[in-house]
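Engineer: Sharing a structure, written as structure tokens. Questions coming.
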Amino acid sequence: MSDDADQRAGLLAPFRDPVIGRRLQLLTVAGLAIRWILMPIGISSDTLAVYWRAHLISSHGKLFEEYLVNLGSHVVHAMWLLVVQPFMGPADEVWTHPWWWEADALVPSHMDAFLASDTAVRSIALLKVPYAVAELAAGLLLLGLVWHGARRVGARADRAVAVWAFWMFSPAALYATYLFARYEAFPVLAILLALYLAERQRDWSAAVVLGVGVTLRTFPLLLIPVFALVLRRGLRRQTAWAAVAMVPYALTVLFTRVFVGRAGELQNFSEYSFGDNFFVFAFRPPGDGPAILLLPTFLVALGIYLLGRDHGWWGGTPIDRSELWRWVAIALLGVFLLSQFSAHYLMWLTPAIGLVIGRRDRAGVGWLHLGQVAASFTAIFVLYGGAVFSGVLAGLGRQAMWSLPATAPFADPVRTQLVGDLLWSVYVAATLAIMVPLVLETVRPRAVAVDASPPRRERQDR
């Protein structure tokens, strides 16, 4: 198939390829079968919490004022409830009480009450449909980025198969989307779509999409400077691009300020501890000197380097948009190297892993990612017990849901901490093994592999 025909075929072009199309189709069937099995099984109290807040929008026309975060995602959930609520029973019977966060001890009883419904299994599957759609769409975009971005046809065929196999069987994506049942696929989809648009010279569309991603989940905010500094030339244009990307988020803050009287996430940020995960790793010198926060230091250093490349401070030429995917992957890997996270957040890393698998001529990245998942998930289980994974079997009944031990497996806290630290060290080592070669070949342009997306004629307004 010619390049022009590829472009016209869009994201489905790889599936029509005479060489690998059949293999991709078989991988799709196997992946969809796994998802079909998992759809009615896993759900978490977090899932029910976000849908309870969404039902206030869809059924009562109001916001839950104590938790004004991720407003874009809550609107998506509310719109979906308008479609599926008739298949789940009356809203006032399903969503009866604002039970989350009031007391951890009440979570089991409220989960049991939800599962006692005659429509519980059906409801579990229906509630996850938006997540599944977003997750599969993100996978198609990742495949499209690899397929249309490769310069050598033979290389792109092999890598397309590798990246599609990774996505169809990604344990991080399957767990977050279908077992823990959270909307982590929403921001992942936004990031990949923004990158896809950026590589096709649609810079302002990419800014809006990435900005919408921030309203879905705040963390894509960290990628706005990366996109702006690579896509635009000159600080004024870079600032303008970043400002456009911030418009959707600013509108949600303004909306909650006007209609609720609180500035949404800006006000909630100081009231919740989730942001502390980004500041937990720090270098603390002896004495009373200030600590060096590792993740903020990394992100600022990354921004300074990209700005310096644009202004010629380090020599060489400005970074071409065909290299944007590398800097997005480096930023995501750095975030997951230098911050603390829950198991389902690991899906945020999947775009970086998929891009590295699909666009670098290196073997073993997939196995290293499996090492990341195994080490981090096991470390979380060792440190916090099975309670954090309890909902993954909810659809199989109460006995199955609470079958995992609620407490940490080791009674001795010293042993628990030691084993947890060792497992976390394995995770860090696997992450570094992926990240370091990517950084080295990216900052040395002559060593860059030849499989990146082909350079395109730049617009004059850059």
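The values are calculated or read from the model by the stated rules, or taken from the named source; none is laboratory data. These numbers come from a predicted model, not from an experiment. All Cβ positions, even for glycine, are placed from backbone atoms using ideal geometry, and neighbour counts span all protein chains on display.
Engineer: Give just the number: which of (1) of a type in the set (A, V, I, L, M); (2) modelled with pLDDT of 95 or more; (3) surrounded by 15 or more Cβ atoms within 10 Å (Cβ to Cβ) does Ala243 not satisfy?
Structural biologist: With (1) of a type in the set (A, V, I, L, M); (2) modelled with pLDDT of 95 or more; (3) surrounded by 15 or more Cβ atoms within 10 Å (Cβ to Cβ) applied to Ala243, the lone miss is (3).
Engineer: Still on this structure, I have one more. Scan the range 159-168 and give yes if some residue there is at pLDDT below 95, farther than 14 Å from Thr350 by Cβ and assigned to a loop (DSSP other than H, G, I, E, B), otherwise no.
Structural biologist: No, the range 159-168 has no match at all.
Engineer: Got a number for residues in the range 199-229 being more than 17 Å from Leu306 (Cα to Cα) and either buried (at least 23 other Cβ atoms within 10 Å of the Cβ) or in contact with an Asp or Glu (Cβ under 6 Å, 6 or more places away or on another chain) (or both)?
Structural biologist: 11
Engineer: Also, quick follow-up: Check whether at least one residue in the range 296-304 is free of Cβ contacts under 8 Å to residues at least 12 places away in the same chain, assigned to a loop (DSSP other than H, G, I, E, B) and surrounded by fewer than 18 Cβ atoms within 10 Å (Cβ to Cβ), and report yes or no.
Structural biologist: No, the conditions are met nowhere in the range 296-304.
Engineer: Does Tyr196 count as without any contact (Cβ under 8 Å) to a residue 60 or more places away in the chain and assigned to a helix (DSSP H, G or I)?
Structural biologist: yes
Engineer: Here is a follow-up. Answer with yes or no whether Gly386 is without any contact (Cβ under 8 Å) to a residue 40 or more places away in the chain and out of contact with any Phe, Trp or Tyr (no Cβ under 8 Å at 6 or more places or on another chain).
Structural biologist: yes
Engineer: Next question, about the same structure. Report yes if Ala433 is within 28 Å of Leu333 (Cα to Cα) and touching a residue at least 40 places away in the same chain (Cβ under 8 Å), otherwise no.
Structural biologist: Yes: the conditions hold for Ala433.
Engineer: Within the range 349-372, restricting attention to residues that are crowded, with 24+ Cβ neighbours inside 10 Å and of a type in the set (Gly, Ala, Ser), which residue is modelled with the lowest pLDDT?
Structural biologist: Gly358
Engineer: Output yes when any residue across the range 160-171 is within 16 Å of Leu48 (Cβ to Cβ), of a type in the set (S, T, N, Q) and buried (at least 24 other Cβ atoms within 10 Å of the Cβ), and no when none is.
Structural biologist: no
Engineer: Moving on to the next point. Taking the range 63-108 as the search range and keeping residues that are among the charged types (D, E, K, R) and under 28 Å from the mean Cα position of the chain (by Cα), which one is modelled with the lowest pLDDT?
Structural biologist: Looking only at the range 63-108, we keep the residues that are among the charged types (D, E, K, R), and these are 65-66, 92-93, 102, 104.
Filter once more, keeping what is under 28 Å from the mean Cα position of the chain (by Cα): 65-66, 102, 104.
On the way: Glu65: 71, Glu66: 72, Glu102: 59, Asp104: 62.
Among them, the one singled out is Glu102.
Engineer: Here are some residues: Ala49, Ala13, Ala9, Ala30. Which one is part of a helix (DSSP H, G or I) and modelled with pLDDT under 85? So that I can check it myself, show each step before the final result.
Structural biologist: Working: Ala49 fails: modelled with pLDDT under 85; Ala13 fails: modelled with pLDDT under 85; Ala30 fails: modelled with pLDDT under 85.
Of Ala49, Ala13, Ala9, Ala30, the one residue that is part of a helix (DSSP H, G or I) and modelled with pLDDT under 85 is Ala9.
Engineer: Do you know which residues across the range 231-246 are hydrophobic (A, V, I, L, M, F, W, C) and more than 21 Å from the chain's Cα centre (by Cα)? Working first, answer last.
Structural biologist: Taking the range 231-246 as the starting set, the residues that turn out to be hydrophobic (A, V, I, L, M, F, W, C) are 231, 235, 240-246.
Hits for the range 231-246 are Leu231, Leu235, Ala240, Trp241, Ala243, Val244.
Engineer: A further question follows. State all residues of the range 282-314 that are among the basic types (Lys, Arg) and modelled with pLDDT under 85; if no residue qualifies, say none.
Structural biologist: Of everything in the range 282-314, just one residue is among the basic types (Lys, Arg) and modelled with pLDDT under 85, namely Arg284.
Engineer: Moving to a separate point now. All but one of (1) touching a residue at least 12 places away in the same chain (Cβ under 8 Å); (2) over 21 Å from Val188 (Cβ atoms); (3) in a helix (DSSP H, G or I) hold for Trp367; which doesn't?
Structural biologist: (1)
Engineer: Then there is this: Residue by residue through the range 331-359, note down the ones that are closer than 15 Å to Arg217 by Cα, of a type outside the set (Gly, Ala, Ser) and not in a helix (DSSP H, G or I).
Structural biologist: Once the filter is applied, which keeps residues that are closer than 15 Å to Arg217 by Cα, of a type outside the set (Gly, Ala, Ser) and not in a helix (DSSP H, G or I), the range 331-359 yields only Phe341.
Engineer: Looking at this structure, is Thr378 under 18 Å from Leu174 (Cβ atoms) and either touching a helix residue (DSSP H, G or I) at 6+ places or on another chain (Cβ under 7 Å) or not in a loop (DSSP other than H, G, I, E, B) (or both)?
Structural biologist: yes
Engineer: With the requirement that a residue be touching a helix residue (DSSP H, G or I) at 6+ places or on another chain (Cβ under 7 Å) and not in a helix (DSSP H, G or I), what does the range 18-27 give you? Walk me through it before giving the result.
Structural biologist: Applying the first criterion (touching a helix residue (DSSP H, G or I) at 6+ places or on another chain (Cβ under 7 Å)) to the range 18-27 yields 19-21, 23-25, 27.
If the condition is that a residue be touching a helix residue (DSSP H, G or I) at 6+ places or on another chain (Cβ under 7 Å) and not in a helix (DSSP H, G or I), then Val19, Ile20 are the ones that fit.
Engineer: Scan the range 277-295 for residues that are free of Cβ contacts under 8 Å to residues at least 12 places away in the same chain and touching a Phe, Trp or Tyr at 6+ places or on another chain (Cβ under 8 Å) and report the count.
Structural biologist: 2
Engineer: Sticking with this one: State all residues of the range 395-419 that are among the hydrophobic types (A, V, I, L, M, F, W, C), part of a helix (DSSP H, G or I) and at pLDDT 75 or above; if no residue qualifies, say none.
Structural biologist: Residues satisfying the conditions are Leu396, Val414, Leu418, Val419.
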